[in-house]
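The structure under discussion appears below in the form of structure tokens.
The values are calculated or read from the model by the stated rules, or taken from the named source; none is laboratory data. Because the structure is a prediction, the values reported are computed rather than measured. Reconstructed Cβ throughout: ideal geometry from the backbone, glycine too, with neighbour counts over all protein chains shown. For the accessible areas, the whole protein counts, side chains as well, though only heavy atoms, and no ligand, DNA or RNA atoms are used. Shrake-Rupley method; radii C 1.70, N 1.55, O 1.52, S 1.80 Å.
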Amino acid sequence: YKFIAYLWVARRAGADPQIEELNVGEAAEPQGRGTGATVTDIDGDGELDLLVAHGESASQPISVFKVTQGSSNHWLRVIPRTRFGSFARGARVTAYTNQSGALTRIIDGGSGYLCEMEPVAHFGLGKDEVTVVEVYWPDGRSVARPLQPGDMNSVMEIGYPKEGEESVLTPESQCGEGFFVKNGRCAGM
């Protein structure tokens, strides 16, 4: 007998987060023998899909569960690269938004049992929009990039900055709710 809870967590201004248990429907796989799971955007629509690998004690095909709601929500996917063009494992990506504040993702080398998450910073935004993306590489180099509303619902690849190419924000850049530009980067109040 195995019990797994699937939770939805939402930020609330000036209050504790709202937490609700979700009904995951078929993805619960009561007869499945899942050995690993990962999420990825299989079809490039900005919605993360669930893949469950099987086979620990019996051969089973991979299960794919597609999202069926939220297609009108905004999203942004950021892929930081190393100086050699590979995925920048260990990079920190922060998206500053109009309403939700700063959202941060780490590009890690693995994040599950017998599975690995894709090395992409995925931001599901609802109706919110990202104003600035900052990427910090493990060696301390960084890039700050202001975004336009037309940049939403896309995949951004951000290359490792060459010597002297590190970008900074202008004082006129909009960092979003609760943030301002200080020393070329977004900072909290």
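The table below gives the values:
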| item | result |
| --- | --- |
| S154 accessible area, 1.4 Å probe, all protein chains in place, Å² to nearest 10 | 30 Å² |
| Long-range HN-HN contacts of C115 with modeled amide H, under 5 Å | none |
| Estimated distance in nm for a label pair at D108 and L51, the labels positioned 7 Å out from Cα along Cα-to-Cβ | 1.9 nm |
| All-pairs Cα distance distribution in the chain, expressed in whole percent, bin size 5 Å | 1, 7, 13, 16, 18, 16, 12, 8, 5, 2, 1, 0 |
| Residue-wise HN-Hα coupling along region 40-52, computed from phi with Karplus coefficients 6.51, -1.76, 1.60 (Hz; x: Gly, Pro) | 7, 9, 4, 10, x, 8, x, 9, 6, 9, 9, 10, 10 |
| Prolate/oblate/rounded call for region 105-189, Cα gyration tensor, a/c under 1.5 rounded | oblate |
| Residue-normalised accessible area of the chain, given per residue in Å² at a 1.4 Å probe | 61 Å² |
| Equivalent ellipsoid, region 64-152 (semi-axes from 5 times Cα gyration tensor eigenvalues, Å) | 22, 20, 10 |
| Q69-Q99 pseudo-label distance in nm [points 7 Å out on the Cα-to-Cβ vector] | 1.7 nm |
| Modelled FRET efficiency - R0 45 Å, L22 with V155, Cβ distances, 0.05 increments | 0.95 |
| Length-normalised contact order of the chain in % [C-alpha pairs under 8 Å, at least 6 apart] | 18 percent |
| Carbon plus sulfur fraction of accessible area for the chain, probe 1.4 Å, in percent | 52 percent |
| Extension gain, K182 back to E165 (0.36 nm per residue minus Cα-Cα distance, nm) | 4.3 nm |
| Disulfide-incompatible cysteines by the Cβ rule (no partner under 4.7 Å) in the chain | C115 |
| Peptide ranges 123-130, 81-88 listed from the most packed, as the mean C-beta count within 10 angstrom indicates | 123-130, 81-88 |
